[in-house]
Amino acid sequence: MTPNKPKIYPTIFKPMMKAMCKPTCESTCEPARKPAWKRAGVATAMAAYGFLASAVLASSAVVANAMMASAVVLSQLATSPVAAAQAQDFAEFKKRNQQQFSQFKQDQEKAFAEFVARWQQAEANYIQQLREHWSDAKVSNKTQWVKYSDDQRQRTTVDYETDTVTVEILDDAGGSAQDTESAVNEALRQVRELGSTKLATAVSQDPIHISAGMNFSSVRSSAHMQGQSVLPAQFTEVNKQQAQVERRADRTVVKVKLPPAAGNDRASRMLPLAKAYAAQAGLSPALVMAIIHTESSFNPLARSPIPAFGLMQIVPTSAGRDITEYLHGEQQLLSADYLYDPDQNVQAGTIYLHLLNNRYFKGVRDPESRLYLAIAAYNTGPGNVSKAIANSNKLADATRVANRMTAQQIYDRLMANLPATETKNYLRKVTSRQKHYQEEFNL
């Protein structure tokens, strides 16, 4: 598959980036494209400023036979008033170039920070609005998609981890509860509606997305987003016998358990993408499936407050930089709507796994050891993994220590030294689920 170029959100000064982009990967990845300000080199700059670059380059080919002659020429050039002026021009040119690059980096960091601030403020504002009605106000997260009615007095939660749909209806202003029959009927109507609510619609109507100024062009043009629903229609044809009603202090709660096949269906839908992009990255598709399961429970609308988006929970301001630099030779800010697209998200997440395995920990010789490090780093970052292994943030130190250990010793050390319980559980779940998907889908 040919990757689509990610959208920039907000605009990240693309023309300047193309001129000054960093190298992408190291030797195990595709050849890196050097920045223009480095790639130009002294020879090109000298040519631009009349420094007889062609003569200098030609002499380099026969330097062994012309060392003395070159020294004389360079001596004459150095003492020439014209050459001195040109040298000053070149120094000023180099200084301007460095200043422009420095300014570009500052502008990029500012844009990244503004994106995070805008998103988090939009989320905080919306939660504050919800608290006028809901003491336990909540919004969508990694494994749950949450929708409120227009008057914010009804809440529908799709839990992809437990395959449960919960509809909560607040009592009216006078404290009167909706009768059970009406509550159940409304809940069943909401569940059926999920089967026809396209992912593109769910994203574009989300109040937080709208408030954050999100661009919806990608989700509106995506075949996956237009073709898939929040829940497959075949699992939303539920009846009253499947509904469990509960009365709470201020609301009526109706829970509907989806059929057991619902979870397997979501996994099966993602399998072709996992296979395709894992093959391109030289990874096991079972590993990609295990990461998706652990990150989002196959919730295509997954998001977190960081913010991270989509099936493989890509953080635009961290992993997103590595991913876009690998794909396009320049760092870009992947937009939320780009990452909600299942195809684009799985491609991005698989690339990041590849970079962790083949760039950050490429020096670790044992594949199983390297896999454990990459899995943990996907959750907590390479620096924290390095510190857990070698008590140092330097990857070279972690590599050196890891190469003196067995894979089991590395796993045990990570489980003992990783600072976050979340990352320890993450490593345990992913390795277990990888084996499950190897057996389930014969991968």
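To the nearest 20 Debye, how big is the dipole of region 329-428 about its Cα centre, given +1 on the beta carbon of each Lys and Arg and -1 on that of each Asp and Glu?
Values: 11 positive and 9 negative charges, 135 e Å.
Computed charge dipole of region 329-428: roughly 640 debye.
How high is the relative contact order of region 297-443? Use alpha-carbon pairs under 8 Å, at least six apart in sequence, and give a whole percent.
Values: 175 pairs, mean separation 21.4, N = 147.
Here the relative contact order equals 15 percent.
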Test item: Cα-centred dipole of region 144-259, Lys/Arg +1 and Asp/Glu -1 on Cβ, debye: 280
Cα gyration tensor shape of region 144-259, rounded if a/c is under 1.5, else prolate or oblate by comparing a/b with b/c: oblate
Virtual spin-label span in nm between R248 and N442, 7 Å along Cα→Cβ: 4.6
Ascending count of other beta-carbon atoms within 10 Å, so fewest first, for I389, I306: I306, I389
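All of the numbers you see were taken from the coordinates with simple rules; none came from a lab. The model shown is predicted, which means the values in this text are computed figures rather than measured ones. Every residue, glycine as well, gets a Cβ built from its backbone with ideal geometry; the counts of neighbours run over all protein chains shown.
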